[in-house]
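A.B. asks: Here it is, the structure in full.
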Amino acid sequence: MLRLLKEHAGLTFRQLETRAARAGRRLPRSTTASALARPTLPREHVTEALVVACGLNPQPWLAAHRKLASAQRCPSAVISDPPGVGRSVLATRDAAQLVAAAGEPAQEGRLYGLVRVIIAPPPTTTLRHRGTFASRREERSNVSTAPVEGDGRLGDYSRVADPERALKYAIQHIKGDRTEIIEGVIDTVSPSWAHETATERIRDQVKPRAAELDCMTGSGNLDLPGSPNWYVPDIAVVPKDVAKDSGALLPDQTLLVVEVTSESNAETDRIVKRKRYAEYGAPLYLLVDRIERSVTLFSEPGQLGYSKADGPHPFGTVITLPDPFGIDLDTSEL
């Protein structure tokens, strides 16, 4: 809702910071960018400052914020039974209190404390307490990767119960700096020095502004849950507090993603990654095409792709990165 509020107000990050300061609130551009990029609930003072900067009464928003924060702190319990077994016995006092508070008989697969129904219970009886909504990645953490019945041959792993989880488990156990999954195919990347030179020239121009936004530039893992894709972009700009202690991030947690093409993967960067980055909400995707000697900036992501493209422009064209960056990129030496 805060993202929609900002879009409706039509204000840049810089304008929001200025308007908040006039109202006696502190709202740094980096804080706003980080809060809107994360899927988690922002802090109360950030919500208040953002709403005030947009010219609205913050009280209804703060009341809604407190309700959401209270719901996230609420413990929960999942009751699930293996086939042929009767109802689970709640052996924990806290779980029993949760069920009693529900005011109804305990039911298999019902998640108490949060609005969610577990459709496929795990194969063993479990009782779990959770304080927050599970992420898509956490929800898939108990899925088995054991091989299912194939053609009867010993060691036939041609089919598994969850191919996505199996692939993503496998690449985290492969030696090497850059290993990706592209539409279900594991791809180990070995960039050339020419590729790294172009990447470094973009990074050198972006890094000072990223530091001002309390962000970092890197080539960390990006997970695309629900699809057989796991990317390692040439450059990603992400808030430092989001990147800290994270094994992998989601594309919508970035402020900018940059991919520099090579002969071996140009079509992947041009088509596949462009589609997937948009689908998973990466706000800005800069494609540096060394083969075509052009650069394109994609923005306004959606399920059907990016709705706005600035380019392709030939190398040498100045490319402007919009807010929160507000800088010009020199592409003459790419």
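Each value in this text was obtained by applying a stated rule to the coordinates, not by laboratory testing. None of the values given here were measured: they were computed from a predicted structure. Note that each Cβ is placed from the backbone with ideal geometry, even for glycine, and that neighbours are counted across all protein chains shown.
A.B. asks: List, in the order given, every pair from Lys6/Lys168; Lys67/Lys275; Lys67/Lys240; Lys6/Lys207 whose Cα-Cα distance in the structure shown is over 30 Å.
C.D. replies: Working: Lys6/Lys168 35 Å; Lys67/Lys275 36 Å; Lys67/Lys240 28 Å; Lys6/Lys207 26 Å.
Result: Lys6/Lys168; Lys67/Lys275 exceed 30 Å.
A.B. asks: Could you compute the net charge surrounding Glu48? Neighbours are other residues with a C-beta less than 12 Å from the C-beta of Glu48; K and R count +1, D and E count -1.
C.D. replies: On the way: positive: Arg25, Arg26, Arg43, Arg66; negative: Glu44.
So the environment of Glu48 carries a net charge of +3.
A.B. asks: Then there is this: Could you please report the charge total around Trp61, scoring K, R as +1 and D, E as -1 over all other residues with beta-carbon less than 12 angstrom from its beta-carbon?
C.D. replies: On the way: positive: Arg66, Lys67; negative: Glu44, Glu48.
Once all neighbours under 12 Å are counted, the net charge is 0.
A.B. asks: How many times 2.2 N^0.38 Å is the alpha carbon radius of gyration of segment 295-334?
C.D. replies: For segment 295-334, the normalised Cα radius of gyration comes out at 1.26.
A.B. asks: How large is ³J(HN,Hα) for each residue in segment 48-63, as worked out from phi by the Karplus curve 6.51 cos²θ - 1.76 cosθ + 1.60 (θ = phi - 60°), to whole Hz, x for Gly and Pro?
C.D. replies: Ordered by residue, 3J(HN,Hα) equals 4, 5, 5, 5, 4, 4, 7, x, 10, 6, x, 4, x, 5, 5, 5 Hz.
A.B. asks: Amide H neighbours of Ile327 under 5 Å, counting only residues 5+ apart in sequence or on other chains, H built in-plane at 1.01 Å?
C.D. replies: Hits under the 5 Å cutoff: Leu321.
A.B. asks: Roughly speaking, what is the stretch gain from Ala161 to Asp204, that is 0.36 nm per residue apart minus the C-alpha to C-alpha distance, in nm to one decimal?
C.D. replies: 11.1 nm
A.B. asks: Ranking request for peptides 160-173, 234-247: highest mean number of other beta-carbon atoms within 10 Å first, then the rest in descending order.
C.D. replies: Order by mean packing, descending: 234-247, 160-173.
A.B. asks: In nm, to one decimal, how far is the Val318 label point from the Ser190 one, both placed 7 Å along Cα→Cβ?
C.D. replies: 4.1 nm
A.B. asks: Percent antiparallel among DSSP beta bridges with both residues in segment 188-330, to the nearest 5? Walk me through the numbers before you get to the answer.
C.D. replies: Numbers: 25 of 30 bridges.
Bridges in segment 188-330 that DSSP calls antiparallel: roughly 85 percent.
A.B. asks: Using modelled backbone amide H atoms (1.01 Å from N, in-plane), which distant-in-sequence or interchain residues come within less than 5 Å of Arg178's amide H?
C.D. replies: Val189
A.B. asks: Two decimals, Cα atoms only, Kirkwood Rh: what is Rg/Rh over segment 188-330?
C.D. replies: Here the Rg-to-Rh quotient is 0.92.
A.B. asks: For segment 2-73, compute the orientation-averaged projected area of the C-alpha convex hull (one quarter of its surface), in nm².
C.D. replies: For the Cα atoms of segment 2-73, the hull's average projected area reads 4.4 nm².
A.B. asks: Summing Lys, Arg as +1 and Asp, Glu as -1, what charge do residues with Cβ under 14 Å from the Cβ of Ala194 carry, Ala194 excluded?
C.D. replies: Once positives and negatives cancel, what remains is -3.
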